[in-house]
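This report concerns only the one structure given below.
The values are calculated or read from the model by the stated rules, or taken from the named source; none is laboratory data. This one's a predicted model, so the numbers in the text were calculated from it and none came from an experiment. All Cβ positions, glycine included, derive from the backbone under ideal geometry; neighbour counts span all protein chains shown. Areas reflect the complete protein model, heavy atoms only, side chains present, ligands, DNA and RNA absent. Shrake-Rupley method; radii C 1.70, N 1.55, O 1.52, S 1.80 Å.
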Amino acid sequence: MDDKYGLKAAADRGAKMSEIGDSVLLENEFVRVWEVKLEPGETLDFHIHYHPYLVLSLGGGTNEIETISGKKIATDEPAGSYVFIDEMREVHRLTNKSNITYLSRLIEMKAVTWSES
């Protein structure tokens, strides 16, 4: 069985999948807006995205994305920066590597839903 997105690996490791953010600030039929807030050294645990999404950084700096397969990706997300993700990616977690609080809004576009198959 192909495990392109790491869901089987996450299950085998007993990784409990977390929410995409801390709280939903707005949801309607088109979008879901999450607040993501990480204090220095804090981690948003393993999760996966099933919709395209836009991340708007309201404050932050250096973060690290770690995939379930162990790949580590450094990101720089200063206030005002943004990134749009338009493809399903592997299960991952996000850790704030800065000495300041990371705060963002993650906006899921609900019109498109991805699947593992």
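Of the residues making up segment 36-61, those that are more than 11 Å from the chain's Cα centre (by Cα) and either at pLDDT below 95 or among the charged types (D, E, K, R) (or both) are 37, 39, 42, 59, 60, 61. Where strands (runs of 3 or more DSSP E) fall wholly inside segment 21-117, the ranges with 2 or more residues that are in contact (Cβ under 8 Å) with a residue 60 or more places away in the chain and open to solvent by less than 50 Å² (accessible area, probe 1.4 Å) are 31-38, 102-109. Of 1, 17, all but one fail to be touching a Lys or Arg at 6+ places or on another chain (Cβ under 8 Å) and modelled with pLDDT under 95; the exception is 1.
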